[in-house]
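I have placed the structure first, in the form of C-alpha cells, so that the comments after it can refer back to it.
Read the figures in this text as sums done on the coordinates, not as results from a lab. Computed from a predicted model, the values in this text were never measured in an experiment. Here Cβ is always computed from backbone atoms with ideal geometry, including for glycine, and neighbour counts include all displayed protein chains.
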Amino acid sequence: MTRNTARVLGASALSLVLLAGNALAQTELVMTWYNDGNESEVMQSLLDRFHEANPDITVNLNIVPYKAILEGLPVQLAAGQGPDIARVTDLGGLSQYYLDLTPHLADAGYWTSNFGPFLKWLDPQGEAISGFMTQLTVTGPYVNRTLFEQAEVDMPGEGATWEEWAEASRAVAEKLDIPIPMAWDRSGHRVSGPAISEGAKMFTDDGKPALVDDGLKAMATMLYDWHQDGTMAKELWGSVSGSTYLGANEEFANAQVVMYMSGSWQIPQFAETIGDAFDWWAVPAPCGPSACTGMPGGAALVAMKDTAHPEEVAKVMDFLAQEENLAEFYGKNLFIPGHLGLAQNGIAFATDDERAGHALETFAGAVPTISPIAYDLQGYKYNRVMFNALISRLGEAIVGELTLDQAFERMTQDVEQQIAEQERDGN
C-alpha cells in the first residue's frame, strides 16, 4: 500500500467516523398534537424554522385526534411511553407528568411575566414552568343570525338569560322548520360556566370539591328539560355514553342549529367551513342570577418529564414561546392570546371576515367577566373528575337511565370516589 493510498483510506475512515458522530449527535423529539382547525400547519412552519437554526434537533409533529389526547395520552404517560412534548387540555390533571423547564431556560423571568396567570393551571403548586397556552379559550354561544333575520325574531340582548335564549331559539326553529333549536357540546366543562351563572359554587369554603348544589341542579334541570321538550336534540347527546365528548359544530355549520354553545376555538374552523354562507355570530354568555360567565380554558403545549432530552426540549419550547413566534401562531390561527404582552399590545389577526373579527372581540371581551369560581375550577387538579362526573351522570338522566335525583347522587359519589382513588395512587 502506498503512502498516498493509506492517506486516502485514512481520510475516508475519518469521514465515516465524523458522519457517524454527527448521526449520533442528532436529537429527535416527538410532539403530540391535535387540531381544532388547521393550526398544525403554522406549528410545522415554526418547527421548520427552529430546525434551520438548530439542525441537530428534529421535532416530529405527531397529529392525533382530540380523543387520543383525552383518553390515550394519559395511558401512555402513566406507562412512561409518552412523547417529549404534547398539546393538552387537561391542564392540571396531567401535571404530575410535566417537566419543570426552569433550570433549562435562559430567561425564566420572560415566562413568568408573560404566562404567569396561566402557569398555575399547569402546576397546582404554582412553582414550575412547564409550558405555555397555545390558545386561551372562553366558552360561549354562537347563533345563526341569518335564521333570526329570516324568522323575524329579535335576538335577545346583552344580559339575557339562558331561558330567554332558549325561547328565542325555539321560535326561530318553529317558524323556519329548523331541526335543532339549541345544541351544546357534550362536555362537563361547557356546562360548568352556565352552572356557575346559576349559582354553583363548585367548592366548599375551605376549598374542597362540592359539585352538586342548588346552582348546578338548576342548570342541569334546564338541560334535562330542554332535551325532553325538543329544544335540544336527544339523539346528539344520546348517541354516546359515559364522559365521551361530542360537539355539534358540523350541525351548526350545516345550518341545522339555531344556537350552539361551544367556545372561541371554533372561530378558525367556522371561518373556513361556513365562511359567508350565513352570519355565524358570537354572543355574550347568557346570564343567571349569580353571573354571566363562561369557562376559561384552552390548550397548552407542555414538556414531559420522562423525556430523555430535557435541554433540547427546553430549547424548542423557548423558541416557540417567543413573542414574535406566538404572535404569528395566534394571528394566523385566530386564537385569543395566552400571552400577557401580546394581549396588551394586540394581535394582527389574519382575517378580513367580519364574523370572525366580531367573534374574537366578543370572546376577548368576555375575559374580564369570567367568574373567579370558573378560574379556580379550571386550575383545580381534579377538575376533569368533576367535569366527567357531571356530564356522564347528566347524560344518563337525559336518556332515561337515571332520574335527575339519582344522577345528582351519583355525581357526588363519583367525585368522592375517583379523587380518593387518585390520591391513594399518588396522583
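Counting every Cα pair in region 321-427, what percent are over 21 Å apart?
59 percent
Per-residue ellipticity at 222 nm for the chain, helices alone: DSSP H runs ≥ 4 residues times -39500 (n - 2.57), over residue total, nearest 500 deg cm²/dmol?
It lands at -15000 deg cm²/dmol.
Give the residue from Leu377, Gln417, Ile391 lying farthest towards the positive end of the charge dipole for region 370-425; charges sit on Cβ (+1 for Lys and Arg, -1 for Asp and Glu) and the dipole is referred to the Cα centre.
Final value for the positive-end residue is Leu377.
Between region 220-275 and region 71-105, what is the C-alpha centre distance in whole Å?
What the calculation gives is 30 Å, centre to centre.
When the expected Rg is taken as 2.2 N^0.38 Å, what fraction or multiple of it is the alpha-carbon Rg of region 170-300?
Relative to the rule-of-thumb radius for its length, region 170-300 sits at 1.11.
How large is log10 of I(q)/I(0) for the chain at q = 0.11 Å⁻¹ when the intensity is taken from the Debye formula with one equal scatterer per alpha-carbon?
-0.85
Report the Cα centroid-to-centroid distance between region 168-194 and region 279-308 in angstrom, as an integer.
After rounding, the separation between the Cα centres reads 19 Å.
Using only Cα atoms and rounding to the nearest 10 degrees, what angle (0 to 90) does helix 39-53 make with the longest principal axis of the chain?
The angle comes out near 20 degrees.
May I have the pair-distance distribution P(r) for region 236-331, computed from all Cα-Cα distances with 5 Å bins from 0 and rounded to whole percent?
Each 5 Å bin holds this share of Cα pairs: 2, 9, 13, 14, 15, 15, 12, 10, 7, 2, 0.
Take the cross-link list Lys208/Lys234; Lys201/Lys332; Lys67/Lys332; Lys67/Lys234 and give me the ones stretching past 29 Å between alpha-carbons.
Lys208/Lys234; Lys201/Lys332
Report the Rg/Rh value for region 332-379, based on alpha-carbon coordinates and the Kirkwood definition of Rh.
1.02
On a 0 to 90° scale, report how tilted helix 383-398 is relative to the longest principal axis of the chain, with both axes built from alpha carbons and the result rounded to the nearest 10.
The angle comes out at about 40 degrees.
Whole Å is fine, so just give me how far the alpha carbon centre of region 357-427 lies from that of region 33-55.
32 Å
Show me the three semi-axes of the equivalent ellipsoid for region 247-287, from the C-alpha gyration tensor (sqrt of 5 times each eigenvalue), largest first, rounded to whole Å.
Taking √(5λ) for each eigenvalue gives 16, 11, 10 Å, largest first.
Report, in degrees rounded to the nearest 10, the 0 to 90 angle that the Cα long axis of helix 3-25 makes with the longest principal axis of the chain.
Between the helix axis and the principal axis of the chain, the angle is about 20 degrees.
Expressed in whole Å with the largest first, what are the equivalent ellipsoid semi-axes of region 164-236 derived from the C-alpha gyration tensor as the square root of 5 times each eigenvalue?
Result for region 164-236: semi-axes of 29, 11, 9 Å.
Counting DSSP beta bridges in the chain, what percent are antiparallel, to the nearest 5?
Rounded to the nearest five, the antiparallel share is 60 percent.
Give, as a single signed number, the net charge of other residues whose beta carbon lies under 10 Å from the beta carbon of Arg355, with Lys and Arg counted +1 and Asp and Glu -1.
For residues surrounding Arg355, the net value is -3.
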